[in-house]
Structures are given as structure tokens and as C-alpha cells.
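Asker: Below: one structure in C-alpha cells.
Laboratory data are not the source of any read-out in this text; all were calculated from the coordinates shown. Computed from a predicted structure; not experimentally measured. When we count neighbours, we look across all protein chains shown, and the Cβ atoms used for this are built from the backbone with ideal geometry, even at glycine.
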Amino acid sequence: MKKTIKLAVVAALALGATSAFATNGSALIGMGAKSRGMGGVGIGMSHGAESALSNPALITDVKGTQISFGGTLFMPNVKNSMGIESKSDSDLSVIPEVSIASQVTENFYMGVGMWGTAGMGVDYRTDAANFNMVTNLQLMQFGVPLAYKMGGLSIGVTPILQYGSLDIDYSGVLDVSNVYGPGATAEVGSNGGVSQDLKFGYNIGISYEIADLTIGAVYKSEIEMEYTGQMSAASRPFANFGMFGGVPLSDKLSTPAEIGIGASYKMGASTIAMDVKQIQWGSAEGYKDFKWEDQNVVALGYEYDADSWALRVGYNYASNPIKEQAAAVGPDATGSAINMFNLLGFPGIVESHYTIGGSFDISKTTSVDLAYAYAPEVTETYTTAGFAGFGAANPTSITTKHSQTSLSAQVNFKF
């Protein structure tokens, strides 16, 4: 088991975690290729070792030991216009996953894993009209799922150590002379580089199986992250003119709490599953400063399992957590600043996601999972009427277009 854990850690570190626009705000719709092929379902349907984060109680489906190595190639397509449309160069990311679970005794199960769980980022470094904005958030979690099964009832917990890094960098001249009078401009520039943090959290899950029906529930704690010199430096030029209450924002950008329920029903070779959850952006430090709202997510999935191969399809819908703020044309243009930062630097606005996936057994002990996800383009236009100067054209609105595709692959070993 010690050799297996070492192998998992090395594999995850080798893959790395690059920034991505994950689909539910800044969080992936699902962990692992099986889940992603079914629209992200995983609260009420076991996916073996990869269930450690979605619902740790469901690792009790593992017999013996299961190891899964995989990752997602994530390809967001983000375009922004504040007068002239530009495409973000941050359009390709690799998100790793390594999961291990084992049945220790008749009733007790445990595992270990490392997962890239969330991120977001844009790259307009060569585009002065978009303030040369570069943002890059990366999150990776290390967890040890523990579960206990009593008949059809299972309970589980995954203690989590989360690593995060954040960089917000932009440059140019902030022109607010139409509000604050002639000469009201400020130079904005580098914040000094990437900041990092390491904090603890946990996931708690429960599941109950009766005949062919499985139901589950999960709670994920908020993880309070702080990135020195990032949010404060990015907001300071605006605060100097009285926006954000005249005080730079704190450097906290926490991973929000989640609560969800799910169910699956097996009918011969077919299984249908549904998850409903809420991601609580509205109370998470940092996100609430930018007025993100709690996000309701519904995931639907279908699987046909023919023993040596399986086919999966799914759909995921999540309401856009970013809402347009009232743009005051006066001494406090905070709403305009929030609209600009959200759509330019953190546009997690996609809503619908269509997925397909499958599995193939190479041998009795080895199998491969694949999944493809597509999120159609969403367009949002918010007003920035409180400012005179976003680039030479001085527009009073910002428009962002965002679509996604991703390909996930995973190799599983059972023994």
C-alpha cells in the first residue's frame, strides 16, 4: 500500500495543475472520467475510488483495492470586448486526478488521492485594450477518504489538505475623469507575482442502498484560502477613488461550501442517476466581495453497462453565479468595477454542459475510461458606465463570450 501511495503522489505532481475555467463557476462538474461522462453525477452513484470527493461513503463499492490514474484536457474559449474583441490565450489546461481505495476489513474502507479540483484564468497579456489582464487560480486537494458500511448504510469522511495559488496581474491607466474630474487617472500594474496557500477542509457523505436504489447526501466544508497581495493589490487603484468603500479588498478567496443530494436506480444493465447541489459562493470569502451568488446545480446521467464495456451520457445545468451589478454614474462606481473584474478576469458564466463517455475492460484487472464534455457559448454584457477609460475607445460596457470543451481519460487497476 505504501508503494501505491508513493506512485499516486508522483503521478499527480508530474501531471501538475494548470489554470482552467471549470464548469460550475470555478469548480469542475465532476471528479473522474466516469462522473464527467454522466454529467458530473456522483452523490448517489458510486464510481469506485474516484468517489472520494463527490461522496466518500460510496468508496464502499470497492472490492479489494482499486487505483485510478487520469486527467482532463480542458479547452475553454473565452473572448472579451471593451471596444475591440480579443481572445484569451489561456485556452488549454491539464487537470490531474489520482484515486486509490481499498477494503480494509469487512466493514471499513479507506483510500488516498490527489485531485486538481478547480481553477480559472485568462491571458490578455498582449492586449492593452483589456488592461493586459492575466489571472490564474489553481486548486489541488490531497485527501484520505474513510468509510464504514453497515448493511445498506454507509458513512464516510474525507479530510482534505488543499493547495492553492493565485495570480492577478494587469497594467494600464485607469481613467475615471468623467466622475472625479480632469486628471483623475491611476496607473495600475504588477502585484509582485504568484501567491500560495495551504489549508484544511473536509467532505462528509452518507449513502443508503435498498434493492436497486441508492440515495446519498454530501456536505463539503468551506476552505478559507488567503493569497497575500493579490486581491488587495488588484482592488487598490479602485479603492483610491472611493470604490469598494475606499478600502482595498482582503486577500481571502475561499473555496465555497457545498451541500447536495443524489440518487441512482439500476435496471438490469441500465442505470439512471441525478444529483442536486448548491455551491455557496455567496458566503465564501472573496467571491462575496465580487457579489457572486449561490449556484444551484442539477446533473443527470445514464449508464449502460455490458460488463466488459460501458456507455455513458449526461447533462449538467448550473445557474450563472455572476450577476450584473448596478453601475452608478457618480462618486461610487463600485458596481462598474465589479462588472469589469468578473467578466474580464473571472468569467465563470457557462451554464449547460453535455457529456458522453465510456469504459472498456482491457483485462480482468485493468480498464480504461473516457469522457467528453461540451458547454455551448454563453454571452454576457454588463455596463461599466461609471468609468471613462477602458482602453482608447472608452466604452461603457464589457462583453464576454465563453464556451468549453474537455476530454478526460483514466486507467483503472483492480486487485
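Asker: What is the local net charge at Gly314, summed over the other residues whose Cβ is closer than 14 Å to its Cβ (Lys, Arg +1; Asp, Glu -1)? Can you show the working numbers first?
Answerer: Details: positive: Lys34, Arg36, Arg312; negative: Asp275, Glu303, Asp369.
Combined, the nearby Lys, Arg, Asp and Glu give 0.
Asker: Measure nothing but the geometry: give the 0 to 90° angle between the long axis through the Cα atoms of 334-345 and the longest principal axis through the Cα atoms of the chain, rounded to 10°.
Answerer: With rounding to tens, the tilt is 50 degrees.
Asker: Over every pair of different alpha-carbon atoms in the range 210-262, take the mean of 1/r and invert it; report that Kirkwood radius in Å.
Answerer: Working: mean 1/r = 0.0718 Å⁻¹.
13.9 Å is the Kirkwood radius here.
Asker: So, one more: What is the log10 of I(q)/I(0) for the chain, computed with the Debye formula using one identical point scatterer on each Cα and no solvent, at q = 0.06, 0.11, 0.13, 0.15 Å⁻¹?
Answerer: -0.25, -0.77, -1.02, -1.29
Asker: While we're on this one: Report ³J(HN,Hα) in whole Hz for each residue of the range 288-296, in order, from the Karplus equation J = 6.51 cos²θ - 1.76 cosθ + 1.60 where θ = phi - 60°; Gly and Pro get x.
Answerer: 5, 5, 9, 6, 5, 10, 3, 10, 8
Asker: Using helices alone, what [θ] at 222 nm do you get for the chain, with -39,500 (n - 2.57) per DSSP H run of 4 or more residues, divided over all residues and rounded to the nearest 500?
Answerer: -3000 deg cm²/dmol
Asker: Ranking Thr60, Thr126, Thr396 by Cβ neighbours within 10 Å, fewest first, what do you get?
Answerer: Thr126, Thr396, Thr60
Asker: Please sort by residue number the GluC sites (Glu not before Pro) in the range 42-123 whose DSSP state is loop and whose Cβ has at most 12 other Cβ atoms within 10 Å. Each step should come with its number before you reach the end.
Answerer: Working: sites: Glu50, Glu85, Glu97, Glu106; in loops: Glu106.
Filter output for the range 42-123: Glu106.
Asker: Among Ser406, Ser359, Ser336, Ser397, what is the fewest-to-most ranking by other Cβ atoms within 10 Å? Spell out each step's value before the answer.
Answerer: Working: Ser406 25, Ser359 22, Ser336 28, Ser397 18.
Final ranking by Cβ density, sparse to dense: Ser397, Ser359, Ser406, Ser336.
Asker: Taking a threshold of 24 Å on the Cα-Cα distance, which of the pairs Lys87/Lys252; Lys79/Lys252; Lys149/Lys266; Lys79/Lys220; Lys149/Lys364; Lys277/Lys414 fall above it? All intermediate terms of the calculation are to be shown ahead of the outcome.
Answerer: Values: Lys87/Lys252 28 Å; Lys79/Lys252 27 Å; Lys149/Lys266 20 Å; Lys79/Lys220 32 Å; Lys149/Lys364 26 Å; Lys277/Lys414 31 Å.
Too far apart for the 24 Å limit: Lys87/Lys252; Lys79/Lys252; Lys79/Lys220; Lys149/Lys364; Lys277/Lys414.
Asker: In a Debye calculation with equal point scatterers on the alpha-carbon sites of the range 330-376 and no solvent, what is log10 I(q)/I(0) at q = 0.16, 0.18 Å⁻¹?
Answerer: Debye intensities relative to I(0), on a log10 scale: -0.67, -0.73.
Asker: With 10 angstrom as the radius, rank Met133, Met45, Met150 by how many other C-beta atoms surround their C-beta, starting from the fewest.
Answerer: Met150, Met133, Met45
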